[in-house]
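Below: one structure, written as structure tokens.
The values are calculated or read from the model by the stated rules, or taken from the named source; none is laboratory data. Given the structure is predicted, the values throughout are model-derived calculations rather than measurements. All Cβ positions, even for glycine, are placed from backbone atoms using ideal geometry, and neighbour counts span all protein chains on display.
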Amino acid sequence: MGVALFEGPRSRPTLTAAGRRLAEALGPALLRIEEAYREGGAREHEIAVRCFNGFALRWLIPRLPRYQARCPRDDVRLATREGADGRSASPVDVEIVALRREDAARAGDRLLFEEEMTVVVSPRVLARRPLRVCADLAALPEISARARPEAWRQWRALTGAPTPTPTRARTFEHYAFALEAAAAGQGACAAPRHLVIDDLEHGRLVEPFAPAATGLRYVARLRPNANAAARRFVAWIVREAKA
């Protein structure tokens, strides 16, 4: 091309100004090529799915073997949301989206469930220290995840539970860590109920109080002109959510 696109050592090359301009120009074109490739039916059994990290780890992945047994030729490729706005530029066939009360659903959106916030503890904790009213939670450390730093405040606002003073808190990067800490008896964790539904069913965690609806609706958003495999996947995930 007659211009240098990279500079620096071979082990850690960086783009030059010309390289950055070329990348900015080619990026949208490559995305359009990928989109056209998908729409052309070249990947009739491939399904690109984007969802929240916690949703993938705690809800979807444990259920995927049932889909793979039902549709063994389909290839589900998971990606989690990226960036400060929770989105990625890469096109996908199906996206799991959380809609607020004021958000209008799009054509093709399929409702999975309405989110509920709950508090969970280990059964061992409940056996040692009965939790009869919400104020009893003040005796336990509050476990939370940075993915939903407002979870405890939101649960209290929805249930009218008092705020303990002072609050003992333990914060983890992801809900996968926070909920393991709760299961190990390290405190109580406020979390979206769909992230703990399997643990509740298997007795690893218990919820001493009723959950409260947050107003968020989780929907499966199907890409326009999606292939038959993506439509099969959406029909399946809706059934799983209603089960």
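Which residues, counting only those in segment 213-242, are farther than 18 Å from residue 107 by Cα and either more than 19 Å from the chain's Cα centre (by Cα) or not hydrophobic (A, V, I, L, M, F, W, C) (or both)?
Selection gives 214, 215, 229, 239, 240, 242.
Among the residues of segment 92-114, which ones are closer than 15 Å to residue 195 by Cβ and out of contact with any helix residue (DSSP H, G or I) (no Cβ under 7 Å at 6 or more places or on another chain)?
98, 114
When you look at residue 173, is it surrounded by fewer than 17 Cβ atoms within 10 Å (Cβ to Cβ), charged (D, E, K, R) and under 14 Å from the mean Cα position of the chain (by Cα), yes or no?
For residue 173, the condition - surrounded by fewer than 17 Cβ atoms within 10 Å (Cβ to Cβ), charged (D, E, K, R) and under 14 Å from the mean Cα position of the chain (by Cα) - is met.
Kindly list, by first and then second residue, each pair from a residue in segment 90-108 that is in contact (Cβ under 8 Å) with a residue 24 or more places away in the chain to a residue that is hydroxyl-bearing (Ser, Thr, Tyr), limited to pairs with Cβ atoms under 9 Å and residues at least 6 apart or on different chains.
96/218; 97/218; 98/218; 99/218
Quickly run through segment 116-137 and pick out the residues that are among the hydrophobic types (A, V, I, L, M, F, W, C), touching a residue at least 12 places away in the same chain (Cβ under 8 Å) and within 30 Å of residue 100 (Cα to Cα).
Across segment 116-137, the qualifying residues are 117, 119, 120, 121, 134, 135, 137.
Restricting attention to segment 71-88, does a residue exist that is more than 17 Å from the chain's Cα centre (by Cα), loosely packed, with under 13 Cβ neighbours inside 10 Å, farther than 28 Å from residue 212 by Cβ and hydrophobic (A, V, I, L, M, F, W, C)?
Among the residues of segment 71-88, not one is more than 17 Å from the chain's Cα centre (by Cα), loosely packed, with under 13 Cβ neighbours inside 10 Å, farther than 28 Å from residue 212 by Cβ and hydrophobic (A, V, I, L, M, F, W, C), which makes the answer no.
Can you name the strands (runs of 3 or more DSSP E) wholly within segment 139-243 that have at least 3 residues being over 21 Å from residue 60 (Cα atoms) and without any contact (Cβ under 8 Å) to a residue 40 or more places away in the chain?
Ranges flagged: 169-172.
Modelled with pLDDT under 90, β-branched (Val, Ile, Thr) and closer than 30 Å to residue 241 by Cβ: does that describe residue 14?
Against the criterion (modelled with pLDDT under 90, β-branched (Val, Ile, Thr) and closer than 30 Å to residue 241 by Cβ), residue 14 does not qualify.
Going through 145, 235 one at a time, which residue ends up being modelled with pLDDT of 95 or more and crowded, with 18+ Cβ neighbours inside 10 Å?
145
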